[in-house]
Amino acid sequence: MAAESENGLPARLSALDAAVNGGTTPPGEASWEDGHARWELYRRAAEQPAAHALLLDAVRAETDGPLASALVVLMLEKTPVAAHGSWTAALDPEVRDFAERRSGELAVLESLDRSASVHDAEDVGAWSDWLQLRVAQSREESRLPVLDLLAEHGRTKRIRRTAAESAAGLRKA
């Protein structure tokens, strides 16, 4: 953990642990060498909004790129789109692409919630499978036109079926 010591990760993890768990984790850097132990701390901190600033600070120091990226993607689901930039910017550029892509997808979801803007098959076709399925699983009446598009033009059979079922459920209600 020599590299982590140089960037202050152990101190940041200790501060995060104190905020999240009351400092009950055994002291010393050895407990933080394992990525699984760090992930568990990060996961707990993600559930506590008061710890998010410390969590963001820890992400900036995290040397395990995939671990940091997974954490940022988790946090993107828990924060408003306007705050996504600070989370994605905390990542090393080598692992930032996926988080930025997911942030854009979550922005599309948020825009669907704010307005009943009409999308066409081309728009929907450009969405990732993840975004198409996420929208297809929605049970919000304002998304009915998009559900109909997905039921017809979704990329996979699962997406088309899920969107058709969601739309039918909304029409029945």
Flagged pairs (Cβ under 9 angstrom, 6 or more apart or on separate chains; first in the stretch 15-27, within 14 Å of Ala46 (Cα to Cα) and of a type in the set (D, E, K, R); second in a loop (DSSP other than H, G, I, E, B) and modelled with pLDDT under 90) are Asp17/Gly23; Asp17/Thr24; Asp17/Thr25
Of the candidates Ala46, Ala37, the one satisfying the condition of being at pLDDT 95 or above, open to solvent by less than 60 Å² (accessible area, probe 1.4 Å) and not basic (Lys, Arg) is Ala46
Subset of the stretch 112-130, residues assigned to a helix (DSSP H, G or I) and of a type in the set (A, V, I, L, M, F, W, C), comes to Leu112, Ala121, Val124, Ala126, Trp130
Across (1) part of a loop (DSSP other than H, G, I, E, B); (2) at pLDDT 95 or above, Arg139 clears everything bar (2)
Picking from Leu109, Leu67, Leu91, the residue that is in a loop (DSSP other than H, G, I, E, B), surrounded by 12 or more Cβ atoms within 10 Å (Cβ to Cβ) and under 16 Å from the mean Cα position of the chain (by Cα) would be Leu91
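Got a number for residues in the stretch 129-141 being open to solvent by 40 Å² or more (accessible area, probe 1.4 Å) and either among the hydrophobic types (A, V, I, L, M, F, W, C) or under 14 Å from Ala107 (Cβ atoms) (or both)?
If we filter the stretch 129-141 for residues that are open to solvent by 40 Å² or more (accessible area, probe 1.4 Å), which is where we start, we get 129-130, 134, 137, 139-141.
Now narrow it down to the ones that are either among the hydrophobic types (A, V, I, L, M, F, W, C) or under 14 Å from Ala107 (Cβ atoms) (or both): 130, 134.
The qualifying residues number 2.
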Within the stretch 59-69, residues being within 14 Å of Glu33 (Cα to Cα) and small (Gly, Ala, Ser) number 1
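Yes or no: the stretch 148-167 includes at least one residue that is out of contact with any Cys (no Cβ under 9 Å at 6 or more places or on another chain), open to solvent by 50 Å² or more (accessible area, probe 1.4 Å), in a helix (DSSP H, G or I) and among the hydrophobic types (A, V, I, L, M, F, W, C).
From the stretch 148-167, those out of contact with any Cys (no Cβ under 9 Å at 6 or more places or on another chain) are 148-167; that's our starting set.
Those left that are additionally open to solvent by 50 Å² or more (accessible area, probe 1.4 Å): 148, 152-153, 155, 157-158, 160-161, 165.
Filter once more, so that each one left must be in a helix (DSSP H, G or I): 148, 152-153, 157-158, 160-161, 165.
After this cut, where a residue has to be among the hydrophobic types (A, V, I, L, M, F, W, C) as well, the list is none.
No, the conditions are met nowhere in the stretch 148-167.
The values are calculated or read from the model by the stated rules, or taken from the named source; none is laboratory data. All values derive from a computational prediction rather than experimental measurement. Please note: Cβ atoms are built from the backbone with ideal geometry, for glycine as well, and neighbour counts cover all protein chains shown. Ligands, DNA and RNA are stripped out before the accessible areas are found, and what is left, the full protein with its side chains, is counted by its heavy atoms. Shrake-Rupley method; radii C 1.70, N 1.55, O 1.52, S 1.80 Å.
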